[in-house]
Amino acid sequence: MPAASPFLWYREADARVRRVFWTCSAAWALDSMDALVYSFMIPTLMTVFGMTLLEAQAINTANFVSAALGGWIGGLLCDRYGRARLLQFTILWFSFFSLLSGFATDYNQLMILRVLQGLGFGAEWAVGAVLLGEMIAPAHRGKAVGTVQSAAPIGTGMAALLAGPLVAALPVEYGWRVVFWVGMLPALLVFFVRRADDDSEIYVQTRKRLLAEKRKVHMLAIFSPKVLRITLLAALLAIGIQGAAYSVSNYLSVFLQHERGLSAKVAGLYILINSSGGFFGAQVNAYFSDSVGRRRMFRLFGAGFVIMASFYLLAPLGNSAWTLLPAGMVYGFFQFGLYASFGPYFTELFPTEIRGSGQSFAYNLGRAMSGLVFTMPVAMIAANYNVRISIGMLVMALAGIVCAIVATLMLPETAGRDLREVGP
């Protein structure tokens with residue numbers, strides 16, 4: 001078999017690695033579904049709870065901020081108690097509070113439940129990415145961990161179907177509740193993770209060494225002088241990429257309904273088609289990042305994202321499927337493809353004893369700040385300057401990509417790095 005095969009790593013993997021891969025992929029798909037289903041249901045929830053667009057987005061922002069806190073805590077705990085055990089716990093946590101969100105009776109209850117859901121949601125991606133990234137050979141890490149990211153557009157498509165056609169098919173008073181109840185499904189995945197057996201050898205050996213040396217890793221170790229620069233730049237990269245992506249995706253349903261004149265049902269189907277392009281974007285990024293490099297892939301996909309977001313939001317495409325669907329698929333290719341190098345890159349940037357906390361902190365700070373610094377201003381720009389929501393979406397998306405490119409210019413290239421050689 002030629003070495004260039006994109007699936008060579010999978011054929012070489014043992015049964016344990018394959019099981020962890022599929023578990024992480026399924027968890028990330030369902031995680032992504034639950035993260036975005038609220039955004040896609042904003043028009044419906046604004047009607048049900050009598051919210052303004054800013055109030056609805058405030059819940060999203062609070063969810064992202066709690067995800068940052070939960071992600072960091074989860075990362076700290078997985079460095080200390082094991083990757084697999086924490087993966088189980090985080091899946092159960094965010095599934096439980098997703099279920100409870102469907103029972104909310106007013107704005108305040110929904111806010112509290114989405115904040116609690118975010119605590120577990122924030123940790124799941126980073127813990128899973130670290131777990132798989134430590135198992136894979138350096139030459140294939142980008143392909144394996146990046147491929148997990150291709151589950152995100154599948155989750156987004158599921159969210160679009162739930163928030164669009166399903167909600168439209170049910171009475172308005174409980175259609176949105178059914179969607180949140182579906183968020184309990186990820187809990188089934190805990191049966192496919194084995195607590196001790198699924199931790200990587202490099203993690204097990206690192207824990208043994210720390211115990212033998214009677215050395216404890218401080219919870220603020222990622223801010224030590226030797227690691228601080230990497231931590232801050234990784235966070236800047238995460239803020240930029242996620243800020244750009246969420247500035248568009250969080251308002252996509254609103255944009256399609258208010259500016260393109262689509263119904264909620266049809267908007268959901270259009271977003272589903274966009275997601276299909278995203279699946280291939282993540283696969284392409286994952287395949288080439290091992291040879292082209294992590295930093296270059298961020299830049300290439302960032303440029304493509306800005307170009308296609310501009311075209312999709314501003315070009316006179318009307319509401320015809322013949323124009324919107326092809327443009328949306330190409331836009332989705334770059335939007336979801338942006339994320340595929342996060343997992344392998346962050347795994348390679350931090351040493352094993354703080355890999356979970358470093359990766360979780362950087363990625364989830366990016367998620368939280370994307371809400372505060374990027375997605376909230378989208379609505380504010382539209383309201384304060386009396387412009388279309390698409391203008392605010394594009395302005396903040398461009399600002400995010402600029403931040404990300406600056407970060408890649410200052411961070412090291414890590415493709416192919418042996419994790420045993422990563423030190424503070």
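The values are calculated or read from the model by the stated rules, or taken from the named source; none is laboratory data. On a predicted model such as this, the values are computed, not experimentally measured, just so you know. So basically every Cβ, Gly included, is an ideal-geometry build from the backbone, and we count neighbours across all protein chains shown. The accessibility values were calculated without ligands, DNA or RNA, using every heavy atom of the protein model including side chains. Shrake-Rupley method; radii C 1.70, N 1.55, O 1.52, S 1.80 Å.
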Report summary line: A careful count of residues in the range 39-84 that are buried (at least 23 other Cβ atoms within 10 Å of the Cβ) and of a type in the set (Phe, Trp, Tyr) gives 3
Report summary line: When every residue in the range 170-179 that is free of Cβ contacts under 8 Å to residues at least 60 places away in the same chain and not hydrophobic (A, V, I, L, M, F, W, C) is compared, the one surrounded by the most Cβ atoms within 10 Å (Cβ to Cβ) is 174
Report task. Filter the range 297-332 down to residues that are at pLDDT below 95 and closer than 30 Å to residue 134 by Cα, then give me how many there are. Result -> 1
Report task. Pull up the range 372-421, narrow it to residues that are surrounded by 15 or more Cβ atoms within 10 Å (Cβ to Cβ) and assigned to a loop (DSSP other than H, G, I, E, B), then point me to the one that is farthest from the chain's Cα centre (by Cα). Result -> 388
**Report entry** Residue check for residue 345: within 28 Å of residue 119 (Cα to Cα) and open to solvent by less than 20 Å² (accessible area, probe 1.4 Å)
**Finding:** yes
Query raised in the report: Within the bounds of the range 75-89, is there any residue that is among the small types (Gly, Ala, Ser), modelled with pLDDT of 80 or more, closer than 28 Å to residue 356 by Cα and under 15 Å from the mean Cα position of the chain (by Cα)?
Result: no
Query raised in the report: Any residue in the range 24-37 that is open to solvent by 20 Å² or more (accessible area, probe 1.4 Å), more than 25 Å from residue 369 (Cβ to Cβ) and outside any helix (DSSP H, G or I)?
Result: no
Requested in this report: Being in contact with a Leu (Cβ under 8 Å, 6 or more places away or on another chain) and part of a helix (DSSP H, G or I) is the filter; apply it to the range 41-63 and report the residue that is nearest to residue 142 (Cα to Cα).
Outcome: 61
Report task. Return the residue satisfying two criteria in turn: it lies in the range 180-195 and is open to solvent by less than 50 Å² (accessible area, probe 1.4 Å) and farther than 16 Å from residue 105 by Cβ, and of such residues it is modelled with the lowest pLDDT. Result -> 193
Query raised in the report: So which residues in the range 238-279 are open to solvent by 20 Å² or more (accessible area, probe 1.4 Å), in contact with a Ser or Thr (Cβ under 7 Å, 6 or more places away or on another chain), of a type in the set (A, V, I, L, M, F, W, C) and modelled with pLDDT under 90?
Result: 264, 279
Requested in this report: Residue by residue through the range 285-318, note down the ones that are of a type in the set (A, V, I, L, M) and not in a helix (DSSP H, G or I).
Outcome: 315, 317
Requested in this report: Can you give me the number of residues within the range 318-370 that are closer than 18 Å to residue 299 by Cβ and of a type in the set (D, E, K, R)?
Outcome: 1
Report task. Taking residue 282 as meeting all but one of (1) part of a helix (DSSP H, G or I); (2) open to solvent by 40 Å² or more (accessible area, probe 1.4 Å), write down the number of the exception. Result -> (2)
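Kindly check whether there is at least one residue in the range 109-128 that is aromatic (Phe, Trp, Tyr) and over 30 Å from residue 289 (Cβ atoms).
no
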Report summary line: Conditions (1) crowded, with 17+ Cβ neighbours inside 10 Å; (2) without any contact (Cβ under 8 Å) to a residue 40 or more places away in the chain; (3) out of contact with any Leu (no Cβ under 6 Å at 6 or more places or on another chain) -> residue 113 fails only (3)
Report task. Write out, first by first residue and then by second, each pair whose Cβ atoms fall under 7 Å of each other, whose residues are 6+ apart or on separate chains, and whose first residue, in the range 141-169, is among the aliphatic types (A, V, I, L, M) while the second is open to solvent by 10 Å² or more (accessible area, probe 1.4 Å) and not in a helix (DSSP H, G or I). Result -> 144/136; 145/136
